[in-house]
Amino acid sequence: MTEEQDWLSVWPTAQQPAPRQRAGRYLPASTAHPAKMLPAIARTAIARYTRPGELVCDPMCGIGTTLVEAAHLGRHALGVEYEPRWAQVARANLAHATTQGAVGAGTPGAAAAGWDGRADRAAVAAARAAGRLPRRAGPCRGAGRAGLL
Ligand SMILES: C[S@@+](CC[C@H](N)C(=O)[O-])C[C@H]1O[C@@H](n2cnc3c(N)ncnc32)[C@H](O)[C@@H]1O
């Protein structure tokens, strides 16, 4: 291996087309989102950089790809999504993952226009109280007003 190849890292995350990666794992409502991430990208990053039981946060979670893959890998997940429509799909996808045996717990919060963070903070507090989030999890600040928990 040359020195140049030493730092070159390519994740084989598009070995299956996107619809096949999501088939049965994500609800049909997910297809309408215009900027979804390939599940294999989330899965690879989560498996590589976190351990089971740890917390994964996605401050712009869309249909919840990061949350769903984290839950399947036994990680807890916290998401924030600006558009209530996608936050609802993320919640449904996460619930679907649970029916498929995903063991991690996830909490996608919705952040609508005029959002002041109370709903998400309440969701996080409830998840903590129920033991679904590690107590040591610190604040997660995402982009703009919608990322504050
Ligand atoms: C590129 S998509 C992410 C898609 C996601 N990775 C998935 O697989 O579904 C970006 C998402 O961030 C949301 N978004 C944009 N600005 C935001 C903000 N300030 N706070 C939270 N969510 C935001 C958008 O509504 C959109 O759903």
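A short reminder: the numbers here are calculations on the coordinates, not readings from a lab. Model, not experiment: these values are computed from the prediction. Here Cβ is always computed from backbone atoms with ideal geometry, including for glycine, and neighbour counts include all displayed protein chains.
Take each peptide in 23-36, 51-64, 93-106, count the other Cβ atoms within 10 Å of every residue, and average; sorted highest first, the result is 51-64, 93-106, 23-36. Considering only the other residues whose Cβ falls under 13 Å of the Cβ of ALA42, what net charge follows from Lys and Arg at +1 and Asp and Glu at -1? Surrounding charge for ALA42 is +4. On full extension, the segment bounded by ALA23 and TRP11 gains 2.2 nm, given 0.36 nm per residue less the C-alpha separation.
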